[in-house]
Amino acid sequence: MKNCDVLRNKTNQKVIIWTTLVGGFMSSLVKWGSEVNMPPRMPGEISPPGAHLDAWFSWMGFNSHSLDYVYQGVQVPGAVTLYHWLFSFAFAFLYVLMSAYWPRVRMWYGAMYGLVITIVMHGFFIPLLGFRNPAYAEGQVGWLWNLNGYELWSEILGHVYWSVSIEICLIAVLAVLARPIKGMWIDRA
């Protein structure tokens, strides 16, 4: 069976869809929740998602504060929250799809995936686009080696918690659909 035929299998589609939905939802809560007790940035610094929104969509009148709302007297950045949620769904989809063809992505219950995402996104991609210039770095670009220990550990642990939560959701979906929870889970029939 060819690779594209594997994705046409109904059971495989269910695994991908349900893990994307459940894993995206749960992992977004986990990542956001990890930032409550270990904020990655200093007060007053704009987050990379906020900077992205301002740079890419401000020409349309949409920015990092377009969807802000007040909950119990606290201003919640709605657009940034939505941005994080959408990324959680996208990366959950990528994780489950990769696991279908390359089960090693699930190494350490998905923690390896979180480490790789931290290095790629926060270490290189975000600074490369110019969206991270920490206040404490005296004007330097926020490459991984320029981040302070607090921000670095917050991002590493937050992404590990986040990716492990996607793996836990994948395991739950595989168990519900009676698929192997270790190794190659795809149904080749």
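The values are calculated or read from the model by the stated rules, or taken from the named source; none is laboratory data. These numbers were taken from a predicted model, which means no experiment stands behind them. Counting neighbours? That spans all protein chains shown, and the Cβs are built from the backbone with ideal geometry, glycine included. Surface areas here come from the heavy atoms of the whole protein model, side chains and all, with no ligands, DNA or RNA. Shrake-Rupley method; radii C 1.70, N 1.55, O 1.52, S 1.80 Å.
Semi-axes of the equivalent ellipsoid for segment 76-139, computed as √(5λ) from the eigenvalues of its C-alpha gyration tensor and ordered from largest down, come to 26, 17, 9 Å. This model, with +1 at the C-beta of Lys and Arg and -1 at the C-beta of Asp and Glu, gives the chain a dipole about its Cα centre of some 1000 debye. Percent of alpha carbon pairs in segment 107-189 separated by more than 23 Å? Within segment 107-189, distances greater than 23 Å cover 38 percent of Cα pairs. Here the simple spin-label model places points 7 Å from the Cα toward Cβ, and for Thr81 and Met42 these points are separated by 2.7 nm.
Between Leu147, Leu129, Leu29, the Gaussian network model of the chain with springs among Cα atoms under 10 angstrom shows the greatest mean-square fluctuation at Leu129.
Determine, at each q value in 0.23, 0.24 (inverse angstroms), the log₁₀ of I(q)/I(0) that the Debye formula gives when each Cα of segment 6-89 is one equal point scatterer. Values returned for q = 0.23, 0.24 Å⁻¹ are -1.15, -1.20.
The longest stretch of the chain left intact once loop-based trypsin sites (Lys or Arg not before Pro) with at most 13 other Cβ atoms within 10 Å are removed from consideration, loops following DSSP, is 3-181. In the context of the full protein assembly, Ser154 retains an accessible surface of approximately 10 Å², using a probe radius of 1.4 Å and ignoring ligands and nucleic acids.
The value of relative contact order for the chain, using C-alpha pairs under 8 Å at least six residues apart, is 34 percent.
Each residue of segment 137-152 was assigned a 3J(HN,Hα) from its phi angle through the Karplus expression (A = 6.51, B = -1.76, C = 1.60, θ = phi - 60°), giving 8, 6, x, 6, 5, x, 4, 3, 6, 9, 7, 6, x, 5, 5, 4 Hz with x at Gly and Pro. Nonpolar atom fraction for segment 78-133, defined as the carbon and sulfur part of the 1.4 Å probe accessible area, stands at 82 percent.
Each residue of segment 81-88 is assigned a 3J(HN,Hα), and the resulting list reads 4, 4, 4, 4, 4, 4, 5, 4 Hz, derived from the Karplus form 6.51 cos²θ - 1.76 cosθ + 1.60 (θ = phi - 60°), x at Gly and Pro.
Note on the chain: dipole from Cβ charges, positive end direction compared against Phe89, Pro127, Ile186; the farthest Cα belongs to Ile186. Largest first, the three principal axis extents of the alpha carbons in the chain are 56, 34, 31 Å in whole numbers.
Ligands, DNA and RNA are left out, and with a 1.4 angstrom probe the accessible area of segment 1-107 is 59 Å² per residue.
So, in Å, what gap is there between the alpha-carbon centers of segment 44-74 and segment 87-120? Using only Cα atoms to place each centre, the spacing works out to 27 Å. Considering the dipole of segment 1-133 built from charges on the beta carbon (Lys and Arg +1, Asp and Glu -1) around the Cα centre, which of Ser47, Met60, Met107 is farthest to its positive end? Result: Met107, furthest along the dipole toward the positive end.
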